[in-house]
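The block underneath contains the structure these notes are about, expressed in structure tokens.
Read-outs throughout are calculated quantities, based only on the coordinates presented, and are distinct from any laboratory measurement. Worth saying up front: this structure is predicted, and the values here are computed from it rather than measured.
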Amino acid sequence: NLPFDCRESDIHAFFKGFGPIKAVVLKNNYGFCEFLDFYDARDAVKELNGERILGVRVTVEMARGEFFRGQEEPSTSPSNNNNSGEKVCLFLGNLPQDCREVDIERFFNGYGRLKQVVLKRGYGFVFFEEQRDAEDAVKELVGRKLRGERITLEFAKGDGCEEGRRSISFAQYRIKVENLSSTTSWQDLKDYMKQAGEVLYCKTHHDRRGEGMVEFYRKEDMEWALDRLEDTKFDGKRIKLTEMRE
């Protein structure tokens, strides 16, 4: 029962705060929204069924049949853990010299959540949250161009993956964020904190509702955020920032 003028951005806004979305497909008067996490989808169904989009009350339920085949509740068996092994780390070669993190995020848009992006001179590494998303990206994006350059894209192997991990392991410039809005996602927080500098990692509502964490690449960026963004209004609430010391 979707409004005829409903757009993909309206769907993203409707489900904001319920976790990362992998894909949105709109048909005539109905559509599908695929979440990365089964439990986020289940929460969305529970809380949003019968709510309104663009003034129209809509039905929200788990998809059945062929559209999202294989999206049943995930098994808790260790053998099905998609985060195991090294297939969540991709190597990118022949990157343009002016390539930025936002370019990488746009390049992989639609292929799931990125945990980390590490850029070097002419190459880099991308860490995915889910192995399946990394496999899909390699399968479908090999040979594509990024900012006009045809790049190398493959699973990082051996020393390459370790280099990527070492590149992100030393950063300890972390800030605790308190008093977050319940609708603020990790993407929203990361975008807000980018005004201070390069953000390595963000999470929201993970350990406690209303709290988050931001990890910066440089100490001066963290200090700028503490100085300039403390007690600023973000998503309708004034946030509190505190440096996290080891």
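Around the amide H of K22, modelled in the peptide plane, lie the amide H atoms of E34, F35, L36, all under 5 Å away and 5 or more residues distant in sequence or on another chain. Less than 5 angstrom separates the built amide H of F234 from those of I239, all sequence-distant by 5 or more or on a different chain.
Using a cut-off of 25 Å between Cα atoms, the listed pairs K16/K233; K22/K237; K120/K157; K27/K237; K46/K233 include K22/K237; K27/K237; K46/K233 as exceeding that distance.
Centre-to-centre, using Cα atoms only, the range 1-24 and the range 179-246 are separated by 25 Å. For L146, the amide hydrogen comes within under 5 Å of the amide hydrogens of I151, counting only partners 5 or more places away or on other chains and with H modelled in the peptide plane.
Here the Karplus curve 6.51 cos²θ - 1.76 cosθ + 1.60, taken at θ = phi - 60°, turns the phi angles of the range 9-14 into couplings of 5, 5, 5, 4, 5, 4 Hz, with x standing for Gly and Pro. Contact order for the range 177-246, expressed relative to its length and based on alpha carbon pairs under 8 Å spaced 6+ residues apart, stands at 37 percent.
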